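As C-alpha coordinates, the structure follows; a few thoughts come after it.
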Amino acid sequence: MRVDGLKAYYQTRWFGITREVRAVDDITLRIEHDEIYGIAGESSSGKSSLIKTIAGAIRPPLNVVGGTVNFDFGTRKVDLYTLKPEERTAIRWKHLAYIMQGSMSVLNPLRRVRQSFIDFAFRHMGMPMPAFLKAVEDHLLRLHLQPGVLDSYPHELSGGMRQRVVIALATVCRPGFIIADEPTTALDVVVQKSVLTMIREVQREMRASILFVTHDMAVHANLTDRLGIMYAGRLVEEGRTRDLFRNPRHPYTLHLIRSLPRIGDAEPRQGLEGTPPNLADPPPGCRFHPRCPIAMDVCRVMVPPMQALGGGHRVACHAVTEGTVQ
Ligand code: SF4
Ligand code: MG
(Lines give C-alpha, C1' and ligand atoms only; values in the text may rest on other atoms or scores of the structure.)
(Ligands and ions follow the chains in the order given, each with its own letter.)
Protein backbone atom coordinates (compact mmCIF):
# COMPACT_ATOMS: atom_id res chain seq x y z
CA MET A 1 0.00 0.00 0.00
CA ARG A 2 1.27 3.46 -0.89
CA VAL A 3 0.02 6.65 0.68
CA ASP A 4 1.40 9.85 -0.84
CA GLY A 5 0.93 13.35 0.52
CA LEU A 6 -2.40 12.35 2.04
CA LYS A 7 -4.48 15.13 3.56
CA ALA A 8 -7.90 14.58 5.12
CA TYR A 9 -9.64 17.41 6.94
CA TYR A 10 -12.87 17.70 8.90
CA GLN A 11 -14.60 20.61 7.20
CA THR A 12 -17.61 22.26 8.78
CA ARG A 13 -19.48 25.47 8.04
CA TRP A 14 -21.12 27.30 10.87
CA PHE A 15 -22.82 30.65 10.36
CA GLY A 16 -20.93 31.05 7.09
CA ILE A 17 -17.56 30.41 8.71
CA THR A 18 -15.64 27.41 7.43
CA ARG A 19 -13.72 25.53 10.06
CA GLU A 20 -11.09 22.97 9.13
CA VAL A 21 -9.56 20.40 11.42
CA ARG A 22 -6.43 19.02 9.78
CA ALA A 23 -6.58 15.52 11.19
CA VAL A 24 -4.37 13.98 8.48
CA ASP A 25 -1.86 16.47 7.18
CA ASP A 26 0.52 15.41 4.44
CA ILE A 27 1.25 11.79 5.27
CA THR A 28 3.44 9.63 3.05
CA LEU A 29 4.07 5.97 3.86
CA ARG A 30 4.43 2.51 2.36
CA ILE A 31 3.25 -0.77 3.78
CA GLU A 32 4.80 -3.89 2.32
CA HIS A 33 3.30 -7.27 1.61
CA ASP A 34 3.31 -9.57 4.63
CA GLU A 35 4.29 -7.05 7.32
CA ILE A 36 2.66 -5.64 10.44
CA TYR A 37 2.93 -1.87 10.42
CA GLY A 38 1.98 0.00 13.58
CA ILE A 39 0.82 3.55 14.08
CA ALA A 40 1.31 5.08 17.50
CA GLY A 41 0.46 8.43 19.03
CA GLU A 42 -1.73 9.97 21.73
CA SER A 43 -5.48 10.12 21.34
CA SER A 44 -6.53 12.81 18.84
CA SER A 45 -3.19 12.62 17.02
CA GLY A 46 -5.13 11.70 13.88
CA LYS A 47 -4.50 7.94 13.98
CA SER A 48 -8.14 6.91 13.55
CA SER A 49 -8.74 9.55 10.87
CA LEU A 50 -5.69 8.34 8.95
CA ILE A 51 -6.75 4.74 8.91
CA LYS A 52 -10.37 5.56 8.14
CA THR A 53 -9.02 7.42 5.11
CA ILE A 54 -6.77 4.50 4.13
CA ALA A 55 -9.72 2.12 4.49
CA GLY A 56 -11.83 4.34 2.23
CA ALA A 57 -14.37 4.58 5.07
CA ILE A 58 -14.71 8.33 5.35
CA ARG A 59 -17.80 10.40 5.19
CA PRO A 60 -18.40 14.13 5.50
CA PRO A 61 -17.39 16.21 7.38
CA LEU A 62 -14.13 14.25 6.92
CA ASN A 63 -12.93 14.81 3.35
CA VAL A 64 -9.81 13.92 1.43
CA VAL A 65 -8.36 17.23 0.28
CA GLY A 66 -5.12 15.97 -1.26
CA GLY A 67 -2.88 13.01 -1.93
CA THR A 68 -3.43 9.42 -3.00
CA VAL A 69 -3.97 5.95 -1.54
CA ASN A 70 -2.90 3.06 -3.78
CA PHE A 71 -3.17 -0.65 -3.16
CA ASP A 72 -1.64 -3.52 -5.04
CA PHE A 73 -3.59 -6.63 -4.05
CA GLY A 74 -1.63 -8.81 -6.46
CA THR A 75 -4.67 -9.68 -8.54
CA ARG A 76 -5.83 -6.08 -8.58
CA LYS A 77 -4.31 -2.60 -8.40
CA VAL A 78 -6.51 0.15 -6.97
CA ASP A 79 -6.25 3.92 -6.72
CA LEU A 80 -8.76 4.22 -3.87
CA TYR A 81 -9.99 7.78 -4.30
CA THR A 82 -10.61 7.51 -8.03
CA LEU A 83 -13.13 4.72 -7.35
CA LYS A 84 -16.83 5.35 -6.98
CA PRO A 85 -18.01 5.07 -3.34
CA GLU A 86 -19.82 1.78 -4.07
CA GLU A 87 -16.69 0.28 -5.66
CA ARG A 88 -14.74 1.36 -2.60
CA THR A 89 -17.20 -0.49 -0.37
CA ALA A 90 -16.83 -3.62 -2.53
CA ILE A 91 -13.02 -3.48 -2.12
CA ARG A 92 -13.58 -3.52 1.63
CA TRP A 93 -14.42 -7.06 2.76
CA LYS A 94 -12.99 -8.74 -0.31
CA HIS A 95 -9.47 -7.26 -0.29
CA LEU A 96 -9.38 -5.03 2.73
CA ALA A 97 -10.64 -5.71 6.22
CA TYR A 98 -11.27 -2.78 8.54
CA ILE A 99 -11.70 -3.58 12.21
CA MET A 100 -12.98 -0.31 13.59
CA GLN A 101 -12.46 1.04 17.06
CA GLY A 102 -15.23 -0.41 19.24
CA SER A 103 -16.08 -2.88 16.49
CA MET A 104 -17.36 -5.52 18.89
CA SER A 105 -20.71 -3.79 18.45
CA VAL A 106 -20.94 -5.01 14.82
CA LEU A 107 -22.25 -8.33 16.15
CA ASN A 108 -26.02 -8.15 16.25
CA PRO A 109 -26.93 -8.55 19.95
CA LEU A 110 -30.29 -10.16 19.15
CA ARG A 111 -29.02 -12.81 16.75
CA ARG A 112 -26.67 -15.72 17.00
CA VAL A 113 -23.11 -15.08 15.79
CA ARG A 114 -23.76 -17.22 12.69
CA GLN A 115 -26.27 -14.64 11.47
CA SER A 116 -23.70 -11.82 11.64
CA PHE A 117 -21.38 -13.88 9.42
CA ILE A 118 -24.23 -14.42 6.97
CA ASP A 119 -25.30 -10.74 7.02
CA PHE A 120 -21.81 -9.33 6.43
CA ALA A 121 -19.84 -11.88 4.49
CA PHE A 122 -22.15 -14.23 2.56
CA ARG A 123 -22.67 -12.01 -0.47
CA HIS A 124 -18.92 -11.34 -0.82
CA MET A 125 -17.95 -15.01 -0.91
CA GLY A 126 -19.82 -16.04 -4.06
CA MET A 127 -20.73 -19.58 -2.95
CA PRO A 128 -23.90 -21.44 -1.95
CA MET A 129 -24.95 -21.24 1.71
CA PRO A 130 -23.81 -24.73 2.81
CA ALA A 131 -20.35 -24.18 1.28
CA PHE A 132 -20.21 -20.72 2.85
CA LEU A 133 -21.01 -22.06 6.33
CA LYS A 134 -18.40 -24.78 5.89
CA ALA A 135 -15.84 -22.12 4.88
CA VAL A 136 -16.72 -20.09 7.98
CA GLU A 137 -16.23 -23.13 10.23
CA ASP A 138 -12.88 -23.97 8.60
CA HIS A 139 -11.76 -20.36 9.02
CA LEU A 140 -12.70 -20.41 12.73
CA LEU A 141 -10.84 -23.68 13.26
CA ARG A 142 -7.71 -22.34 11.55
CA LEU A 143 -7.84 -19.43 14.00
CA HIS A 144 -8.27 -21.84 16.95
CA LEU A 145 -11.89 -20.87 17.59
CA GLN A 146 -14.52 -23.54 18.10
CA PRO A 147 -17.26 -23.45 15.42
CA GLY A 148 -19.67 -23.73 18.38
CA VAL A 149 -19.32 -19.95 18.86
CA LEU A 150 -21.59 -19.57 15.82
CA ASP A 151 -24.49 -20.80 17.96
CA SER A 152 -23.85 -18.24 20.69
CA TYR A 153 -25.38 -14.84 21.22
CA PRO A 154 -22.77 -12.07 21.56
CA HIS A 155 -23.64 -11.47 25.25
CA GLU A 156 -22.80 -15.10 26.01
CA LEU A 157 -19.19 -14.52 24.95
CA SER A 158 -16.46 -12.82 26.98
CA GLY A 159 -15.06 -9.50 25.72
CA GLY A 160 -11.90 -11.19 24.47
CA MET A 161 -13.84 -13.93 22.69
CA ARG A 162 -16.12 -11.33 21.08
CA GLN A 163 -13.11 -9.43 19.76
CA ARG A 164 -11.62 -12.65 18.36
CA VAL A 165 -14.93 -13.48 16.68
CA VAL A 166 -15.01 -9.98 15.15
CA ILE A 167 -11.48 -10.48 13.79
CA ALA A 168 -12.54 -13.85 12.34
CA LEU A 169 -15.57 -12.18 10.77
CA ALA A 170 -13.48 -9.36 9.26
CA THR A 171 -11.03 -11.82 7.73
CA VAL A 172 -13.34 -14.59 6.52
CA CYS A 173 -13.02 -13.43 2.89
CA ARG A 174 -9.22 -13.70 3.28
CA PRO A 175 -8.37 -10.08 2.49
CA GLY A 176 -4.77 -9.21 1.67
CA PHE A 177 -4.79 -6.07 3.79
CA ILE A 178 -6.13 -5.81 7.33
CA ILE A 179 -6.60 -2.57 9.22
CA ALA A 180 -7.26 -2.66 12.97
CA ASP A 181 -7.95 0.36 15.17
CA GLU A 182 -7.29 -0.16 18.90
CA PRO A 183 -8.67 -3.75 18.87
CA THR A 184 -7.17 -4.53 22.29
CA THR A 185 -7.73 -1.27 24.11
CA ALA A 186 -10.94 -2.22 25.90
CA LEU A 187 -9.52 -5.54 27.09
CA ASP A 188 -7.50 -6.45 30.16
CA VAL A 189 -3.87 -7.40 29.71
CA VAL A 190 -4.30 -11.19 29.81
CA VAL A 191 -7.14 -11.12 27.27
CA GLN A 192 -5.18 -8.63 25.14
CA LYS A 193 -2.51 -11.26 24.78
CA SER A 194 -4.89 -13.82 23.29
CA VAL A 195 -6.14 -11.25 20.77
CA LEU A 196 -2.59 -10.26 19.78
CA THR A 197 -1.64 -13.91 19.38
CA MET A 198 -4.63 -14.35 17.12
CA ILE A 199 -3.68 -11.33 14.99
CA ARG A 200 -0.19 -12.74 14.57
CA GLU A 201 -1.70 -16.09 13.54
CA VAL A 202 -4.03 -14.44 11.03
CA GLN A 203 -1.06 -12.63 9.53
CA ARG A 204 1.08 -15.78 9.27
CA GLU A 205 -1.70 -17.94 7.96
CA MET A 206 -3.00 -15.50 5.35
CA ARG A 207 0.34 -13.72 4.61
CA ALA A 208 -1.60 -10.50 4.85
CA SER A 209 -0.33 -6.98 5.47
CA ILE A 210 -1.64 -5.49 8.69
CA LEU A 211 -1.95 -1.86 9.66
CA PHE A 212 -2.36 -1.82 13.41
CA VAL A 213 -3.22 1.31 15.38
CA THR A 214 -2.89 1.74 19.11
CA HIS A 215 -1.65 4.36 21.54
CA ASP A 216 -0.17 1.48 23.58
CA MET A 217 3.58 1.32 22.92
CA ALA A 218 3.91 -2.00 24.77
CA VAL A 219 1.56 -3.59 22.23
CA HIS A 220 3.61 -2.15 19.35
CA ALA A 221 6.82 -3.53 20.88
CA ASN A 222 5.28 -7.01 20.96
CA LEU A 223 3.48 -7.08 17.64
CA THR A 224 4.63 -4.75 14.89
CA ASP A 225 7.51 -5.05 12.40
CA ARG A 226 7.64 -1.36 11.58
CA LEU A 227 6.24 1.63 13.39
CA GLY A 228 5.12 5.13 12.47
CA ILE A 229 4.71 7.78 15.17
CA MET A 230 1.98 10.37 14.64
CA TYR A 231 1.73 13.71 16.32
CA ALA A 232 -0.96 16.28 15.58
CA GLY A 233 -1.91 14.89 12.16
CA ARG A 234 1.65 14.32 10.95
CA LEU A 235 4.05 11.41 10.83
CA VAL A 236 7.10 12.46 12.86
CA GLU A 237 9.19 9.29 12.88
CA GLU A 238 9.16 5.90 11.19
CA GLY A 239 11.36 2.83 11.19
CA ARG A 240 11.72 -0.79 12.18
CA THR A 241 10.03 -1.18 15.54
CA ARG A 242 13.15 -2.47 17.27
CA ASP A 243 15.24 0.42 15.87
CA LEU A 244 12.71 2.96 17.14
CA PHE A 245 12.70 1.42 20.61
CA ARG A 246 16.50 1.12 20.72
CA ASN A 247 17.31 4.42 19.14
CA PRO A 248 14.34 6.82 19.08
CA ARG A 249 15.36 10.09 17.42
CA HIS A 250 12.31 12.33 17.70
CA PRO A 251 11.77 13.90 21.14
CA TYR A 252 8.12 12.83 21.03
CA THR A 253 9.01 9.18 20.31
CA LEU A 254 11.47 9.32 23.18
CA HIS A 255 8.70 10.58 25.43
CA LEU A 256 6.31 7.80 24.35
CA ILE A 257 8.93 5.13 25.07
CA ARG A 258 10.01 6.66 28.37
CA SER A 259 6.45 6.88 29.61
CA LEU A 260 6.04 3.09 29.33
CA PRO A 261 5.64 1.63 32.80
CA ARG A 262 8.49 -0.66 33.88
CA ILE A 263 8.52 -3.44 36.42
CA GLY A 264 9.69 -1.90 39.69
CA ASP A 265 8.14 1.53 39.11
CA ALA A 266 6.86 2.77 42.45
CA GLU A 267 4.78 5.54 40.90
CA PRO A 268 3.31 6.23 37.50
CA ARG A 269 5.84 7.71 35.07
CA GLN A 270 5.97 11.43 34.42
CA GLY A 271 3.89 12.55 31.45
CA LEU A 272 4.83 15.31 29.06
CA GLU A 273 3.78 18.87 29.95
CA GLY A 274 0.90 20.29 27.93
CA THR A 275 -1.66 18.67 25.67
CA PRO A 276 -1.72 17.85 21.95
CA PRO A 277 -2.61 20.95 19.91
CA ASN A 278 -6.02 21.88 18.64
CA LEU A 279 -5.92 20.76 15.00
CA ALA A 280 -8.26 23.56 13.93
CA ASP A 281 -5.42 25.95 14.77
CA PRO A 282 -2.17 23.99 14.96
CA PRO A 283 1.03 25.76 16.03
CA PRO A 284 3.29 26.93 13.16
CA GLY A 285 6.57 25.20 12.40
CA CYS A 286 7.00 21.92 14.22
CA ARG A 287 3.67 21.14 15.83
CA PHE A 288 5.46 19.62 18.78
CA HIS A 289 7.43 22.79 19.62
CA PRO A 290 5.19 24.06 22.48
CA ARG A 291 5.89 20.81 24.36
CA CYS A 292 9.38 20.00 23.14
CA PRO A 293 12.12 20.24 25.78
CA ILE A 294 14.77 21.05 23.14
CA ALA A 295 12.82 23.38 20.81
CA MET A 296 14.93 25.96 18.96
CA ASP A 297 13.95 29.20 17.18
CA VAL A 298 13.74 27.48 13.80
CA CYS A 299 11.20 25.01 15.22
CA ARG A 300 8.66 27.77 15.78
CA VAL A 301 8.67 28.88 12.14
CA MET A 302 9.72 26.00 9.87
CA VAL A 303 8.02 22.65 9.44
CA PRO A 304 10.79 20.07 9.84
CA PRO A 305 11.09 17.96 6.66
CA MET A 306 11.16 14.17 6.85
CA GLN A 307 14.80 13.01 6.65
CA ALA A 308 16.03 9.52 5.85
CA LEU A 309 18.56 8.23 8.37
CA GLY A 310 19.30 4.92 6.62
CA GLY A 311 17.88 1.46 7.17
CA GLY A 312 14.36 2.76 6.56
CA HIS A 313 14.52 5.03 9.62
CA ARG A 314 12.99 8.46 8.94
CA VAL A 315 12.48 11.41 11.24
CA ALA A 316 11.09 14.95 10.99
CA CYS A 317 13.00 17.05 13.52
CA HIS A 318 15.29 20.07 13.09
CA ALA A 319 17.46 19.00 16.01
CA VAL A 320 18.26 15.67 14.32
CA THR A 321 18.90 17.37 10.97
CA GLU A 322 21.23 19.92 12.55
CA GLY A 323 23.00 17.31 14.65
CA THR A 324 21.99 19.03 17.92
CA VAL A 325 20.83 15.67 19.28
CA GLN A 326 22.40 12.27 18.59
FE1 SF4 B 1 11.56 19.64 19.06
FE2 SF4 B 1 12.28 21.26 17.09
FE3 SF4 B 1 12.53 18.64 16.78
FE4 SF4 B 1 10.12 19.77 16.80
S5 SF4 B 1 11.71 20.08 15.29
S6 SF4 B 1 10.72 17.94 17.86
S7 SF4 B 1 10.40 21.37 18.31
S8 SF4 B 1 13.61 19.95 18.24
MG1 MG C 1 -8.79 6.54 17.86
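The values are calculated or read from the model by the stated rules, or taken from the named source; none is laboratory data. As the structure is a prediction and not an experimental result, all values here were calculated from the model. Here the Cβ is made from the backbone with ideal geometry for all residues, glycine too, and neighbour counts use every protein chain on show. Surface areas here come from the heavy atoms of the whole protein model, side chains and all, with no ligands, DNA or RNA. Shrake-Rupley method; radii C 1.70, N 1.55, O 1.52, S 1.80 Å.
Computed on the range 148-200, the Cα convex hull volume stands at 88 Å³ per residue. Taking the DSSP bridge list for the range 1-134 and keeping only pairs wholly inside it, about 95 percent are antiparallel.
Just need the Rg to Rh number for the chain, please, alpha carbons only, Kirkwood Rh. Intermediate values should be presented prior to the final figure.
On the way: Rg = 20.7 Å, Rh = 21.0 Å.
Rg divided by Rh gives 0.99.
Measuring nothing but how far apart in sequence close Cα pairs (under 8 Å, 6+ apart) lie, relative to its length, the range 85-187 scores a relative contact order of 52 percent. Relative contact order of the chain, taken over Cα pairs closer than 8 Å and 6 or more residues apart, is 20 percent. Amide H contacts of I39: F212, V213, T214, G228, each under 5 Å away and 5 or more positions distant or on a separate chain (H built 1.01 Å from N in the peptide plane; Pro and chain starts excluded).
Loop sites here are GluC sites (Glu not before Pro) outside DSSP states H, G, I, E and B with no more than 13 other Cβ atoms within 10 Å. The longest part of the chain free of them is 33-272.
Reducing the range 36-51 and the range 174-244 to their Cα centroids gives an inter-centroid distance of 10 Å.
Note down the nm distance, to one decimal, between modelled labels 7 Å out along Cα→Cβ at Y81 and at V303. Label at Y81, label at V303, 1.4 nm between them. Residues whose amide H comes within less than 5 Å of that of V303, counting only those at least five positions distant or on another chain, are G285 (H built at 1.01 Å from N in the peptide plane).
Measure off, as a whole percent, the carbon and sulfur share of the 1.4 Å-probe accessible area of the range 119-272, all protein chains present. Intermediate results must be reported in sequence, preceding the final value.
On the way: 3630 of 6970 Å².
The computed percentage sits at 52.
Backbone N atoms of the range 156-182 closer than 13 Å to the 7 Å Cα→Cβ label point of Q146 belong to residues 157-158. Taking amide H positions as modeled 1.01 Å from N, with prolines and chain starts lacking one, the residues under 5 Å from Y231 and 5 or more places away or on another chain are V236.
Our coupling estimate for the range 216-226, obtained by passing each phi through the Karplus curve with A = 6.51, B = -1.76, C = 1.60 and θ = phi - 60°, is 8, 5, 5, 5, 4, 4, 8, 10, 8, 8, 10 Hz, Gly and Pro reported as x.
How big is the antiparallel share of DSSP beta bridges in the chain, given as a percent to the nearest 5? Each step should come with its number before you reach the end.
Numbers: 31 of 49 bridges.
Bridges in the chain are about 65 percent antiparallel.
Using C-alpha pairs below 8 Å separated by at least 6 residues, the relative contact order for the range 38-104 is 23 percent.
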